[in-house]
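Q: This is the structure I want to talk about, given as structure tokens.
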Amino acid sequence: MTTQTERSLVLVKPDGFSRGLTGEVLRRVEAKGYTIAALAVTTPTRKQLAEHYAEHEGKPFYEPLVDFMSSGPVAAVVIEGHRCIEGFRALAGATDPTAALPGTIRGDLGRDWGLKVQQNIVHGSDSADSATREIGIWFPEL
Ligand code: DAT
Ligand code: MG
């Protein structure tokens, strides 16, 4: 029997990156005990984002989401560690940064700006299948 270490795709979104919060996000990931397996700074293309956010196509926030995510550089990160998918989602907190609990990345560092899409600092894969799919989009060489 082989044990494979779990991996998750984390993005520090353009709001987090431009506010200089990449280090703070990585600090929390490392302080939790996960390791960083890959790291890149890139401005996402709309094509990459259409793939990444395919599940949201047609929703009212979809176009604003793609506009926002392609507006500037992001830090794309592959993190590693047993149950890191669930663990990073807990570190990130709820999607709505107003409702996200203090102590979480979104709860501590994010707020609602009254825009058509929530700007909430980070993305984290929501399942093992999503993680595999998303890592393939952002790090095709892995
Ligand atoms: P999450 O990023 O917590 O996995 P999601 O996958 O449902 O959330 O949505 C992707 C992003 O789209 C999310 O981080 C912020 C934005 N978003 C989601 N639901 C929204 C809504 N109802 N109104 C505005 N923006 C929303
Ligand atoms: Mg999601």
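The values are calculated or read from the model by the stated rules, or taken from the named source; none is laboratory data. Only a predicted model underlies this, so the values are computations on that prediction, with no experimental measurement involved. Positions of Cβ are backbone-derived with ideal geometry, glycine not excepted, and every protein chain shown enters the neighbour counts. Heads up: the accessible areas ignore ligands, DNA and RNA and are worked out on the full protein's heavy atoms, side chains in. Shrake-Rupley method; radii C 1.70, N 1.55, O 1.52, S 1.80 Å.
Q: Could you count how many residues in the stretch 28-47 are within 16 Å of ligand 1 (Cβ to nearest atom) and open to solvent by 60 Å² or more (accessible area, probe 1.4 Å)?
A: Number of matching residues: 1.
Q: Restricting attention to the stretch 81-90, and to residues there that are closer than 15 Å to Ile36 by Cα and surrounded by 15 or more Cβ atoms within 10 Å (Cβ to Cβ), which single residue is farthest from the chain's Cα centre (by Cα)? If you could, list the steps in order and put the result at the bottom.
A: Step one: filter the stretch 81-90 for residues closer than 15 Å to Ile36 by Cα, giving 81-85, 87-88.
Those still in the list that are surrounded by 15 or more Cβ atoms within 10 Å (Cβ to Cβ) too: 81, 84-85, 87-88.
Values: Gly81: 16, Cys84: 13, Ile85: 11, Gly87: 13, Phe88: 9 Å.
Among them, the one singled out is Gly81.
Q: Of the numbered conditions (1) in a helix (DSSP H, G or I); (2) out of contact with any Pro (no Cβ under 8 Å at 6 or more places or on another chain); (3) charged (D, E, K, R), Asp126 satisfies every one except a single condition; which is it?
A: (1)
Q: Next question. In the stretch 48-62, which residues are within 10 Å of ligand 1 (Cβ to nearest atom) and either in contact with a Ser or Thr (Cβ under 8 Å, 6 or more places away or on another chain) or open to solvent by less than 30 Å² (accessible area, probe 1.4 Å) (or both)?
A: His52, Tyr53, Tyr62, listed by residue number.
Results for (1) farther than 21 Å from Gln118 by Cβ; (2) touching a Leu at 6+ places or on another chain (Cβ under 8 Å), shown as yes or no for each residue.
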residue: Phe17; (1), (2): no, no
residue: Glu24; (1), (2): no, yes
residue: Ala31; (1), (2): yes, no
residue: Tyr34; (1), (2): yes, no
residue: Ala38; (1), (2): yes, yes
residue: Ala50; (1), (2): no, no
residue: Gly58; (1), (2): no, no
residue: Val74; (1), (2): no, yes
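Q: Then there is this: Just give me the residues in the stretch 13-27 being open to solvent by less than 40 Å² (accessible area, probe 1.4 Å) and either under 18 Å from Thr132 (Cα atoms) or not hydrophobic (A, V, I, L, M, F, W, C) (or both), in sequence order.
A: Lys13, Pro14, Asp15, Gly16, Thr22, listed by residue number.
Q: Picking from Leu65, Leu115, which residue would you name as being more than 12 Å from the chain's Cα centre (by Cα), assigned to a helix (DSSP H, G or I), among the aliphatic types (A, V, I, L, M) and near ligand 1 (Cβ under 10 Å from one of its atoms)?
A: It is Leu65.
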